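Written out below as structure tokens is the structure these notes cover.
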Amino acid sequence: MNELSGQSVLLTRSEDDCADWAQELEAMGATAVILPCIRSEQIDTAELRERISASLPRTDWLVFTSKRGVAAFVALHGEPLPDIIGIAVIGPTTADAAVIAFGRADLVSEVGTAESLAQALETHLTEPNAQILIAVAENAGYTIEDTLRAAGAYCTRLEVYRTVAADELTPKQALSTFDADNVFLASPSAVTGFTNQVELDTPAAIFTIGPATSEAALDAGLEVTGQARSSGIEGLMEAMRCAI
């Protein structure tokens, strides 16, 4: 019998991302309940395009933390990347997106966190003052920049998209109406969107994608049942298995 059989999970990502995760959950025997709590918006300005064009010729490594970052970067700069630029990514989903977009992903963090990727990339910095170009969401954390700058690298941050939390509902929807025993939260924005829309009238196990999301959940008054140790749906499912 599948370990996730009989479990129901409320998914709180954007609508299209929820659909992808729902398929994986249902393949493992769980029931997926979809409640989009965020949406993503491309950031596209003349200044941002100019910064990309100016930065790429001196870039040693290009870093992505999500498939949306890859897609947003490609929309801004659709030209092929020079082979001399290394591509570093977080997790297999982002790696797949990079391979589709650029034909390769040169460094993939094993654990699937920003800290893990920063530490792995640090070992590949063979020259002083390495130039790192980081394409992230507007509200992304600074773990990668902080770690690499401490190692002597020069980091340029490109905020290529933003995640926007769902607006607050009045009245909120009762959690009990979703018939979900578990809640997956994959970003701080999803935490905000979830609490904006849902009234916690019944207990549910809450699982987060990583430290930043856990911190946001705790700040919002949520009790975190488990935190994923690797990126993506696989890490969240593993955290749920450990809690069952």
Only one of (1) without any contact (Cβ under 8 Å) to a residue 24 or more places away in the chain; (2) surrounded by fewer than 16 Cβ atoms within 10 Å (Cβ to Cβ); (3) not assigned by TED's automatic domain parsing to the domain that holds LEU133 does not apply to THR45, and that is (3)
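Here are some residues: ALA190, ALA140, ALA186. Which one is in the same structural domain as GLU50 (by TED's automatic domain parsing) and within 30 Å of ARG49 (Cα to Cα)? Break it down stepwise before answering.
On the way: ALA190 fails: in the same structural domain as GLU50 (by TED's automatic domain parsing); ALA186 fails: in the same structural domain as GLU50 (by TED's automatic domain parsing).
Testing whether each residue is in the same structural domain as GLU50 (by TED's automatic domain parsing) and within 30 Å of ARG49 (Cα to Cα) leaves just ALA140.
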Here the qualifying pairs (Cβ atoms under 6 Å; residues six or more apart or on different chains; first in the stretch 1-12 and farther than 12 Å from VAL183 by Cβ; second among the acidic types (Asp, Glu) and assigned to a loop (DSSP other than H, G, I, E, B)) come out as none
Taking the stretch 21-42 and keeping only residues that are surrounded by fewer than 16 Cβ atoms within 10 Å (Cβ to Cβ) and under 25 Å from ALA75 (Cβ atoms), one is left with GLU41, GLN42
Restricting the stretch 52-93 to residues that are without any contact (Cβ under 8 Å) to a residue 40 or more places away in the chain and closer than 14 Å to GLY232 by Cβ, the one surrounded by the most Cβ atoms within 10 Å (Cβ to Cβ) turns out to be VAL89
Subset of the stretch 216-233, residues in a helix (DSSP H, G or I), surrounded by fewer than 17 Cβ atoms within 10 Å (Cβ to Cβ) and modelled with pLDDT under 95, comes to none
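One line per residue, one yes/no per condition, for (1) surrounded by 18 or more Cβ atoms within 10 Å (Cβ to Cβ); (2) of a type outside the set (Val, Ile, Thr):
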| position | (1), (2) |
| --- | --- |
| ALA120 | no, yes |
| HIS124 | no, yes |
| VAL136 | yes, no |
| ALA140 | yes, yes |
| TYR154 | no, yes |
Inside the stretch 156-196, the number of residues satisfying the requirement of being buried (at least 22 other Cβ atoms within 10 Å of the Cβ) and within 26 Å of ALA118 (Cα to Cα) is 11
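So, GLU26, is that one more than 23 Å from ALA118 (Cβ to Cβ), among the acidic types (Asp, Glu) and modelled with pLDDT of 95 or more or not?
Details: more than 23 Å from ALA118 (Cβ to Cβ): yes; among the acidic types (Asp, Glu): yes; modelled with pLDDT of 95 or more: no.
Considered against the rule, which asks whether it is more than 23 Å from ALA118 (Cβ to Cβ), among the acidic types (Asp, Glu) and modelled with pLDDT of 95 or more, GLU26 comes out as no.
Quickly run through the stretch 43-85 and pick out the residues that are among the charged types (D, E, K, R) and more than 19 Å from the chain's Cα centre (by Cα).
Looking only at the stretch 43-85, we keep the residues that are among the charged types (D, E, K, R), and these are 44, 47, 49-51, 58, 60, 67-68, 79, 83.
Across the stretch 43-85, the qualifying residues are ASP44, GLU47, ARG49, GLU50, ARG51, ARG58, ASP60, GLU79, ASP83.
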Flagged in the stretch 197-235 as within 20 Å of SER116 (Cα to Cα) and charged (D, E, K, R), in numbering order, are GLU215, ARG229, GLU234
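The values are calculated or read from the model by the stated rules, or taken from the named source; none is laboratory data. As the structure is a computational prediction, the values presented were derived from the model and not from experiment. Every residue, glycine among them, receives a Cβ derived from its backbone with ideal geometry; neighbour counts consider all protein chains shown.
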